[in-house]
Amino acid sequence: MHTPSQIHTRGRHLHAALDQVIEQRSWSTPKRRAHQWRSLRSLVQHAHAHIPLYQRLFAEAGFTPAMLDDWDDLPKLPILTKADLRTAARADLIDKDSRADIRWLASSGSTGIPASMARTEESLWHYMACNTALYYDWCQGKPLSNGLYLVDMAPDSIDFATADLLRTTVPGSRIFSVHDPVAKLTRELLSIAPEFISSYPSTLRAIALDLRAQNRVMKKTRLIHLTSEMLDAHTKHLLAQVFPNARLIETYTSTEGGLVAWQCVHSSRWHVAETNVLCEIVDENGLPTTGLGHIVITDLTNTATPILRYRGLGDLARWEPEPCPCGSSARSIRHIEGRSAAMLRTRGGALISPYVITNAIEEVPGLAQYQVVQKQPGMLEVRVVADAGASRNRIEKSVQSALEAALDSAADLQITFVSKIAAPSGSHKVPLVISELPLAA
């Protein structure tokens with residue numbers, strides 16, 4: 001419980017961050033671009049002068065800040081990987097003379113490799129302010145007061161940090177841990193009957209399965225915010241059944257980059273939060289591409305552990321070149337096509353998008369949950385949880401038929417029925433598609 005003076009101080013921080021976010025929303029494209037360049041140059045110079053990790057990476061790449069004269073020089077700046085963060089000592093990730101308030105955070109490890117980093121309190125307030133402004137947009141300026149927040153309450157998660165800040169405006173009784181048993185979360189949701197829910201797709205999916213098993217339909221829920229994970233078509237269909245009056249909105253966020261992009265309310269594209277991040281889509285050599293490529297981000301809001309040209313999110317996407325019907329001038333990503341760790345391979349080594357799998361079997365009757373695992377090229381294990389009373393034989397034939405048609409004989413299938421598909425140790429996320437192949441395979 002915070003004291004009145006603490007709440008007052010927190011309110012000042014939030015209002016200051018909101019003022020900044022609201023002002024930045026009015027910027028023209030040239031003004032945003034100039035802000036990105038100034039922020040990038042400042043971060044690069046700071047990293048070169050004060051952050052041991054970057055001093056080493058820059059030296060290995062033969063890079064100095066003086067080499068960054070214009071945007072064409074951006075590829076000269078070395079790519080930062082998840083392994084770089086994961087193997088660095090804490091002392092190498094921050095300025096030892098820094099007196100800024102910082103929080104040490106660890107990524108959730110959704111790519112399989114958790115990593116630690118530091119964030120300034122200011123960057124966290126900015127992150128919260130961005131999400132608050134988006135929430136008002138989603139509600140057309142009339143916020144829904146009856147909300148429920150399902151977050152990762154691990155002490156070193158960015159969710160834990162922002163949940164602490166969220167208590168400035170939201171009662172703690174409306175914030176629950178995704179690590180709580182599904183039955184408990186279902187009971188709380190039924191008791192509160194929220195108009196608004198913020199959650200991870202996998203957490204809300206588990207709750208929706210529980211509700212559907214109880215023949216419950218949540219008609220009062222009007223808005224659902226989903227983040228941090230890929231929302232597959234199967235889960236989207238399930239949520240539409242259990243929350244028939246709810247609009248689904250997604251944001252693309254991460255521990256390392258904060259708010260990276262948000263889904264446009266008028267189309268399926270994602271608008272990049274360009275005042276927060278510099279986003280690139282690059283090929284295997286780190287060069288810009290207009291085709292499918294790796295998302296690389298530079299966080300413009302955080303000086304504690306600078307995140308410069310970071311490829312560790314592991315996501316693949318492509319730019320949407322056409323103007324958006326909503327009128328936004330922010331650059332757009334067509335859609336997130338999956339994580340590189342979830343990309344599958346045919347016998348000949350060609351890539352298969354995870355969406356080929358998820359879209360193919362989204363409508364299979366009786367399919368409660370599934371997970372596809374690849375351990376060798378051209379072979380896929382499909383783990384299936386069947387609905388109670390559903391015919392396993394019918395499910396198996398339907399899954400087999402749907403995937404054979406989608407894959408066009410590019411891979412052999414092994415379908416295995418299991419009672420439960422759990423999240424990996426240390427994570428709350430249940431990945432739908434897993435590749436255990438080496439990235440170079």
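The values are calculated or read from the model by the stated rules, or taken from the named source; none is laboratory data. It should be emphasised that the depicted structure is a prediction, and the values quoted were computed from it without experimental measurement. Every residue, glycine among them, receives a Cβ derived from its backbone with ideal geometry; neighbour counts consider all protein chains shown.
Summary of computed values
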quantity: Any chance Phe63 is over 21 Å from Ala115 (Cβ atoms) and touching a helix residue (DSSP H, G or I) at 6+ places or on another chain (Cβ under 7 Å); calculated: yes
quantity: Which numbered condition Val170 fails, given (1) in contact with a His (Cβ under 9 Å, 6 or more places away or on another chain); (2) at pLDDT below 90; (3) farther than 24 Å from Ala422 by Cα; calculated: (1)
quantity: Which numbered condition Ala341 misses (of (1) modelled with pLDDT under 85; (2) touching a helix residue (DSSP H, G or I) at 6+ places or on another chain (Cβ under 8 Å); (3) among the small types (Gly, Ala, Ser); (4) buried (at least 18 other Cβ atoms within 10 Å of the Cβ)); calculated: (2)
quantity: Residue ID - nearest to Ile421 (Cα to Cα), chosen from residues in segment 386-405 that are hydrophobic (A, V, I, L, M, F, W, C) and buried (at least 17 other Cβ atoms within 10 Å of the Cβ); calculated: Ala386
quantity: Qualifying residue in segment 190-207 (condition: closer than 20 Å to Cys326 by Cβ and surrounded by fewer than 23 Cβ atoms within 10 Å (Cβ to Cβ)); calculated: no
quantity: Test result for Ala402, over 22 Å from Trp262 (Cβ atoms), hydrophobic (A, V, I, L, M, F, W, C) and modelled with pLDDT of 80 or more; calculated: yes
quantity: Single match in Ala129, Ala154, Ala118, Ala163 (criterion: in contact with a helix residue (DSSP H, G or I) (Cβ under 9 Å, 6 or more places away or on another chain), of a type outside the set (D, E, K, R) and under 22 Å from Ser98 (Cβ atoms)); calculated: Ala118
quantity: Only listed residue being of a type in the set (A, V, I, L, M, F, W, C) and at pLDDT below 95, chosen from Ile102, Ile79, Ile94; calculated: Ile102
quantity: Selection from segment 222-241 of residues that are modelled with pLDDT under 90 and small (Gly, Ala, Ser); calculated: Ser228, Ala233
quantity: Tally, over segment 47-56, of residues that are under 27 Å from the mean Cα position of the chain (by Cα) and either surrounded by fewer than 16 Cβ atoms within 10 Å (Cβ to Cβ) or farther than 20 Å from Cys279 by Cα (or both); calculated: 2
quantity: Subset of segment 200-221 (residues that are in contact with a strand residue (DSSP E or B) (Cβ under 7 Å, 6 or more places away or on another chain) and modelled with pLDDT of 95 or more); calculated: Thr221
quantity: Residue check for Ser332: of a type in the set (Ser, Thr, Tyr), closer than 30 Å to Asp84 by Cα, in contact with a strand residue (DSSP E or B) (Cβ under 7 Å, 6 or more places away or on another chain) and modelled with pLDDT of 90 or more; calculated: yes
quantity: Check on Glu320, more than 19 Å from Ala106 (Cα to Cα) and touching a residue at least 40 places away in the same chain (Cβ under 8 Å); calculated: yes
quantity: Among residues of segment 420-439, those that are hydroxyl-bearing (Ser, Thr, Tyr) and at pLDDT 75 or above, counted; calculated: 1
quantity: Candidate set from segment 220-230 (those that are part of a loop (DSSP other than H, G, I, E, B) and at negative phi); member that is surrounded by the fewest Cβ atoms within 10 Å (Cβ to Cβ); calculated: Lys220
quantity: Top-ranked residue in segment 386-409 [being in contact with a helix residue (DSSP H, G or I) (Cβ under 9 Å, 6 or more places away or on another chain) and among the hydrophobic types (A, V, I, L, M, F, W, C); ranked as farthest from Thr358 (Cα to Cα)]; calculated: Ala388
quantity: Listing of helices (runs of 4 or more DSSP H) fully contained in segment 135-219 that carry 3 or more residues being within 23 Å of the chain's Cα centre (by Cα) and either in contact (Cβ under 8 Å) with a residue 24 or more places away in the chain or over 27 Å from Ala368 (Cβ atoms) (or both); calculated: 158-166, 201-213
quantity: Residue identified as at pLDDT 95 or above and either farther than 24 Å from Phe160 by Cα or surrounded by fewer than 19 Cβ atoms within 10 Å (Cβ to Cβ) (or both) among Ala59, Ala118, Ala89; calculated: Ala59
quantity: Count - residues of segment 392-404 that are under 30 Å from the mean Cα position of the chain (by Cα) and either among the small types (Gly, Ala, Ser) or at positive phi (or both); calculated: 1
quantity: Residue within segment 262-270 that is of a type in the set (Gly, Ala, Ser), in contact (Cβ under 8 Å) with a residue 60 or more places away in the chain and farther than 18 Å from Lys82 by Cα present; calculated: yes
